[in-house]
Amino acid sequence: MSDGHGSLAARPAREATTGVNTGRRRGRRGEQPVVPDTQFTSYYGKPIINGPVWKSPDIPAYLFLGGLAGGSSLLAAGAQLTGRGRLAAVTKVGAFGAITLSLGALVHDLGRPARFLNMLRVFKPTSPMNMGSWLLAGYGPLAGGAAASAVTGKLPKAGAAATAGAALTGPAVAAYTAALVSDTAVPAWHDGHRELPYVFVGSGAAGAAGLGLLGARQGEESPARNLALFGTALELAAFKRMEKRLGMVAEPYRAGRAGLLVRAGETLAAAGAAGSVLGRRSRVARLLSGAALLAGSACTKWGVFEAGLTSAEDPKYTVVPQRERLLRQNHAGGGEAQRGNPAVPQSG
């Protein structure tokens, strides 16, 4: 069932398994099965689940720009509180520009603006897409008000209130897209639901730090540098933990086009964070570090998107992990509950 954004239907529970159980039901204890278990992959090696119909580059841009906007609003609030006017103005305008472009990419993927507005006709806490739509509808005007006040200098109290509101909702804007993609049957996304929000928030923070380093005056860049270190450390640590936990399902994150993008994102983020510290006295180093952090954030989001497509196309990422889970459950004494009750993947 489609959710209005062209994605797969949401799973009923986060820990639901992706895959199918094709083992034959055995007889009573001690009896031999009449038909041996089959080693099912899929018909002619075709995908078992319906893959995402989201388009590229619309959705990778949507993921990247949303994280950039959320992180920039948080950095803008900190810069305003510490009297760093240029850094605050740059990040406020950057946040509004990023969320505007992010919404534009989303609407372009949906095909018609009315499809986004239709999602605001209901309020459904169990739907990441619906909650995300309401979040964007609230965050966008706040980011716009903060940017308008910073540019015009008018209504400073209203601008400060809008800046605070955007900073409070910014982390949710950066994280909710991770919940959105992991609430599907796509193995690389669904099985990584524990760590992906941290990856997305870290990546968004690193991108916002890059924007701050590019736009801040000399001497104002300290908050951006600290955010770069925090965001990069969070992103890399969460990614490593996710890859270790996922086992073979993490392969798409390290192979092919997705693997190249993810590695580029990690390398650029690490280089940008290191350069912001080691080259703090050099304007050229600061600018190069900012550009690296922005590019690294974009590569990470694009790599996650591509890894999901790869895992949906190859049946082994759906079948093998579920078989392993069933074996562990059987060894733990839960075999009787699994017999005769095959799990069927839920797809759009």
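Residues in the range 57-323 average 39 Å² of solvent-accessible surface per residue, probe 1.4 Å, ligands and nucleic acids excluded.
A Förster distance of 45 Å, applied to the separation of the beta-carbon atoms of ALA233 and ALA158, puts the FRET efficiency at 0.80. Calculate the all-directions average of the projected area of the range 111-153's alpha-carbon convex hull, and give it in nm². So the Cα hull casts an average projection of 3.8 nm². The Cα atoms of the range 57-323 cover 60, 49, 25 Å along the three principal axes, with the biggest extent listed first. Rounded to 0.05, the FRET efficiency of the SER282 and ASP58 pair, given R0 = 41 Å and the Cβ-Cβ distance, is 0.65.
Using a 1.4 Å probe over the heavy atoms of the protein chains, calculate the carbon and sulfur portion of the accessible area of the range 57-115 as a whole percent.
Numbers: 1510 of 2150 Å².
About 70 percent, which is the carbon plus sulfur part of the accessible surface.
The packing ranking of peptides 73-83, 50-60, 261-271, highest mean first, is 73-83, 261-271, 50-60, where packing means the average number of other beta carbon atoms within 10 angstrom of each residue.
Can you pull out the trypsin sites (Lys or Arg not before Pro) in the range 111-155 that DSSP calls coil and that have at most 13 other Cβ atoms within 10 Å?
Passing sites in the range 111-155 are LYS154.
The values are calculated or read from the model by the stated rules, or taken from the named source; none is laboratory data. What you see is a predicted model; the values in this text were computed from it and never measured. Heads up, the Cβs are rebuilt from the backbone with ideal geometry, glycines too, and the neighbour counts pull from every protein chain shown. Areas reflect the complete protein model, heavy atoms only, side chains present, ligands, DNA and RNA absent. Shrake-Rupley method; radii C 1.70, N 1.55, O 1.52, S 1.80 Å.
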